[in-house]
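The values are calculated or read from the model by the stated rules, or taken from the named source; none is laboratory data. Since the model is a prediction, treat every value here as computed from it, not as a measurement. Backbone-built Cβ (ideal geometry, glycine too); neighbour counts: all protein chains shown. The area values use the complete protein model at the heavy-atom level, side chains included, leaving out ligands, DNA and RNA. Shrake-Rupley method; radii C 1.70, N 1.55, O 1.52, S 1.80 Å.
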Amino acid sequence: MKIRNDISTVQVLHELRQNHTVLAKQQEKLATGLKIVGAGDDASTYAISERMRANIRGLDQAVANVKTGKSMLTIASSAIDEQVGIMRQIMARTMQASDDTYSDTDRMTLNKEISQLLDQPEDIATQTTYNGDHLLDQRR
């Protein structure tokens, strides 16, 4: 049995393996859309890009936190606006009750309505929550 080493075949096989490795790296770059996918591409640039990616992830989280905070404040603001509207109704009913054209029975009816209206701001405060946290009632 003869074993022959064909140098040209070995060289072609070596070139084929190198081309396959380069092709795999290029396909990875195409798949990810990134110019640098690993430290082997350019170590210093890779370190810089990873730090930038970390900063971007941090900024994305900060944006998400701000949106969450805005949602919470919108809910609290709406509840407070509702309370202010109720207080305006109470003031209007109080002014109406002080008018001499109303009888004592009318005033009692207005007083009952005012009493019911006075309970509503407290109910709004105790029931306004965001993620289980009471926004307007800190006693809870």
*Could you work out the helix-only [θ] at 222 nm for the chain, with each DSSP H run of four or more residues adding -39,500 (n - 2.57) and the total divided by the number of residues, to the nearest 500 deg cm²/dmol?*
-27500 deg cm²/dmol
*Counting Lys and Arg as +1 and Asp and Glu as -1, what is the net charge of the other residues whose Cβ lies under 14 Å from the Cβ of Leu117?*
-2
_All Cα pairs of region 26-81, percent lying beyond 17 Å_ = 59
*Of all the C-alpha pairs in region 62-140, what % are more than 16 Å from each other?*
60
_Helix 43-97 axis, angle to the chain major axis (alpha carbon atoms, nearest 10°)_ = 10
*What does the charge add up to near Arg88, with Lys and Arg as +1, Asp and Glu as -1, over the other residues with Cβ less than 12 Å from its Cβ?*
-1
_For the pair Ile7/Ala64, report the inter-label distance in nm, with labels modelled 7 Å from Cα in the Cβ direction._
6.1
*When the chain is modelled as a GNM with alpha-carbon springs shorter than 10 Å, which of Val66, Val22, Val37 fluctuates the most?*
Val22
*Of the heavy-atom accessible surface of region 14-120 (probe 1.4 angstrom), what whole percent is carbon and sulfur?*
59
*Any idea how far apart Ser44 and Ala97 come out in nm if each label point goes 7 Å out from Cα toward Cβ?*
8.0
*Could you give the distance between the Cα centres of region 116-135 and region 47-87, to the whole Å?*
22
*Which value, in Å², gives the accessible area per residue of the chain when a 1.4 Å probe is used on the protein heavy atoms?*
81
_Furthest towards positive pole of dipole, Gln18, Leu136, Met108, structure part the chain, Cβ charges_ = Gln18
*asked:* If you wrap a convex hull around the alpha carbons of the chain, what volume per residue comes out, as a whole number of Å³?
replied: 223
*Fully extended, how many nm does the chain gain between His14 and Gln138 (0.36 nm per residue separation, minus their Cα-Cα distance)?*
37.3 nm
